[in-house]
Each structure stands twice: as C-alpha cells, then as structure tokens.
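Contents: one structure, followed by commentary.
Just so it is clear, none of the values below were taken in a lab; they were calculated from the coordinates. From a predicted model like this one, the values you see are computed outputs, not experimental measurements. As a convention, Cβ positions derive from the backbone with ideal geometry for all residues, glycine included, and neighbour counts pool all protein chains shown.
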Amino acid sequence: MKPVRSLCTALVIGMVTLAAGCGGDDDKSDATSGAQAVTVEAANGKVTIPAKPKRIVSLSPTHTETLFAIGAGPQVVAVDDYSNHPANAPRTKLSGFKPNAEAIIGYRPDLVVVSDDMNGIVKALEKVKIPVLREPAAQTLDEAYDEITDLGQATGHEAEAKKLTADMKASIEKTVAAASQGKGLDYYHELTDQLHSVTSKTFVGQVYGLFGLRNVADGAEKAAGGYPQLSREFLVRQDPDLIFLADTKCCGQSAATVAKRPGFDGLTAVKKNGVVALDDDVASRWGPRLPEFVKAIGDAVQKAK
C-alpha cells in the first residue's frame with residue numbers, strides 16, 4: 001500500500017493548507033458558438049468555461065468524488081492515480097502531486113480540476129486555453145460546501161450540487177443532534193503510525209469540534225502548524241478517552257496494534273474499547289463522503305458516554 005502511505009505523508013507535511021476560493025458564477029452568452037458560458041470564482045480567480053464541459057480531468061481525489069456525486073461522472077475522461085472512489089472513475093497514472101502538462105493535454109480536456117497548483121500546472125494549462133479550477137483543501141465546512149457548488153456550476157450540474165450539499169448538511173446535523181455531546185471527552189486522531197496528528201484548527205479538527213470533544217494534540221509541541229508529531233510519552237500522559245485511526249489502510253493500524261504499543265495497554269481508550277478504525281480516505285477528504293466520517297465520530301461518542 002505504498003501509494004496510500006505517500007498520501008498520508010503528503011497530508012502531514014502540509015500539502016493541504018491553502019484556503020478554498022469562494023464560489024460564484026456569471027452566466028454569459030458565447031457570441032461565436034451560441035453556447036452558454038459560465039464563470040466560476042475559484043482560488044485561481046475567475047475562470048470562464050465556454051460551454052458545458054464534455055472532457056473533464058480531475059487531479060484531486062476529493063473533487064473526483066464530488067464530480068461523480070453530482071452527476072458529472074460521464075463527463076470525466078481521466079482522474080489522477082489517487083482517485084480511487086468511485087470504483088468506475090477512469091483512473092490513470094496522472095499525478096496530482098507532480099502534474100505533467102503534456103500528459104494532461106493528451107486527454108484533450110475542456111476543464112481540469114485541481115486542489116493544488118503543483119509545478120505551475122495552472123498557468124501551463126491556461127497558456128493552451130484549457131480552463132482550470134483550483135479548489136484547495138477546505139478549511140471549514142462552509143468552504144467544503146462552496147467547492148461542491150463551484151463544481152456544480154462549472155459542469156452544468158448546479159441543481160445536483162445544491163441537493164448534495166443540502167443532504168450533507170442534513171445528515172451531519174442529524175448525527176450531531178443524535179449523539180450525546182462529547183464535552184469532557186478527550187480524543188486523539190492518528191494520521192500515521194509515526195503518531196502524526198491534527199489540531200482543532202484543521203478541517204478535521206473542526207469536524208470533531210462539532211461534538212465538543214477536546215483534542216489532546218492541541219497541547220503538543222509544534223501544534224501551531226496544525227499537524228504535530230506526538231510522542232508516545234505525551235499520549236500516555238494525556239490518556240485520551242477515544243483514539244481515531246485514520247491510518248488503517250496506509251499503515252495497517254487497528255485496535256489490536258495500538259494495544260501492543262509500549263505503554264498503550266493502560267490507556268482509557270484501549271481499556272474501554274474506544275479505539276475507532278476509520279477509512280483513511282473518508283477521514284482525509286472534504287467531499288460527499290464527509291457525513292460518513294461524522295457518523296463514525298458520532299457513534300463513538302454515543303458509545304463512550
């Protein structure tokens with residue numbers, strides 16, 4: 001599972017730190033073709049798509065999920081090597097971390113969606129008149145919903161995007177309302193088996209904050225960066241009530257492996273079955289499967305209380 005481990009590492013070193021651009025659109029008529037153009041305000045400015053795109057390339061796993069969730073899947077001709085959901089996405093060897101303009105152009109896209117401007121890919125594609133939407137990792141729930149709206153506008157699926165965000169909000173609100181609030185409960189979210197974690201200031205940390213949980217990583221050294229690496233001694237001292245493992249795929253972690261770590265067998269989370277195995281992908285993306293991540297937290301909170 002090397003590729004997944006690489007993605008975990010990329011998350012840790014801050015490849016998802018930029019704020020998302022707010023969405024907006026301004027419909028125009030294309031005088032030459034009669035087609036309807038749309039302008040979307042993304043992180044890279046106002047991007048005009050001359051007509052409903054028929055050949056979309058996605059270089060972001062989150063945005064790939066969103067495109068399919070809003071009904072734009074048939075328009076997608078290629079996705080990057082980390083886009084593993086849904087299973088029928090046209091996965092290729094294209095890289096979102098080291099994008100190659102020539103390889104992307106080979107798919108003859110009329111829209112490219114990225115989360116980061118790696119290797120100057122945005123300008124490289126703009127030079128050959130290919131519209132590019134840069135929608136960075138969301139920093140808040142509102143930004144996550146906004147990016148879904150942007151993709152809906154850009155692809156001709158605005159109504160579907162609106163319904164998706166409404167459904168996501170309703171599901172999340174229902175889960176939070178149903179769960180006993182976790183005030184008084186401490187948690188640790190694990191990104192890798194090297195004890196990299198997240199603070200409350202990150203997008204993931206804010207999701208946990210919906211339940212009133214206290215993040216033990218907030219008190220760690222270098223917590224200001226949002227993704228501190230904790231020590232075993234620190235975690236043992238903090239003794240979290242809940243441990244959430246977002247490294248089950250990349251690093252093969254489970255409740256059993258955690259219990260075998262030096263000093264961890266005495267942790268409250270271990271003794272009271274509070275170690276929760278998450279799907280790495282669901283826990284690291286800010287798209288349509290976000291309610292699944294929230295539900296996993298809610299179930300754990302209810303069980304703990």
Could you sort out which of Lys98/Lys222; Lys272/Lys303; Lys52/Lys93; Lys183/Lys222; Lys271/Lys303 sit more than 18 Å apart by Cα distance in this structure? Lys98/Lys222; Lys52/Lys93; Lys183/Lys222
Hey, rough spin-label estimate for Ser95 and Lys46, points 7 angstrom out along Cα→Cβ, what's it come to in nanometres? 3.6
The set of residues whose placed amide H lies less than 5 Å from the amide H of Lys249, leaving out same-chain residues fewer than 5 positions away, is Asp280
Tell me, what HN-Hα J-couplings in whole Hz come from the Karplus equation 6.51 cos²θ - 1.76 cosθ + 1.60 at θ = phi - 60° for each residue of segment 285-297, using x for Gly and Pro? 10, 10, x, x, 8, 4, x, 5, 5, 4, 5, 4, 5
Which one, Gly152, Gly266, Gly209, has the greatest fluctuation when you compute a Gaussian network model over the chain with C-alpha springs under 10 angstrom? Gly266
Of the trypsin sites (Lys or Arg not before Pro) in segment 59-138, which ones lie in a loop per DSSP and count no more than 12 other C-beta atoms within 10 Å? Lys93, Lys127, Lys129
Skipping prolines and chain starts, which residues have an amide H placed within reach, meaning under 5 Å, of the one on Glu135, given they are 5 or more residues away or on another chain? Val114, Ser115
Relative to the Cα centre, what is the charge dipole magnitude of the chain, using +1 at the beta carbon of each Lys and Arg, -1 at the beta carbon of each Asp and Glu, and rounding to the nearest 20 debye? 600
Place a label point 7 angstrom from the Cα of Glu233 along the Cα-to-Cβ direction, then list the residues of segment 251-269 whose backbone nitrogen is under 17 Å away. 262-264
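Rounded to the nearest 0.05, what FRET efficiency do Ala259 and Lys305 have when you use their Cβ-Cβ distance and R0 = 22 Å?
0.50
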Amide H to amide H under 5 Å from Val276: which residues, 5+ apart in sequence or cross-chain, H placed 1.01 Å off N in plane? Ile243, Phe244, Leu245
Gyration tensor on Cα atoms of segment 179-304, a ≥ b ≥ c root eigenvalues, a/c under 1.5 rounded, else prolate if a/b beats b/c, else oblate, says rounded
Does segment 18-168 classify as rounded, prolate or oblate by the C-alpha gyration tensor (a ≥ b ≥ c root eigenvalues; a/c under 1.5 gives rounded; else a/b over b/c gives prolate, otherwise oblate)? rounded
Suppose each label sits 7 Å from its Cα in the direction of the beta carbon; what would the Met118-Lys183 distance come out to in nanometres? 4.3
Computed log₁₀ I(q)/I(0) - Debye formula, equal Cα scatterers, no solvent, the chain, q 0.08 Å⁻¹: -0.37
Please turn the phi angles of segment 75-85 into ³J(HN,Hα) values with the Karplus equation 6.51 cos²θ - 1.76 cosθ + 1.60 (θ = phi - 60°), one per residue in order, whole Hz, x for glycine and proline. 8, 8, 9, 7, 9, 6, 6, 9, 6, 9, 9
Share of antiparallel DSSP beta bridges in segment 179-304, in percent to the nearest 5? 10
For the chain, what does -39500 (n - 2.57) per DSSP helix run (n ≥ 4), summed and divided by total residues, give at 222 nm, in deg cm²/dmol to the nearest 500? -10500 deg cm²/dmol
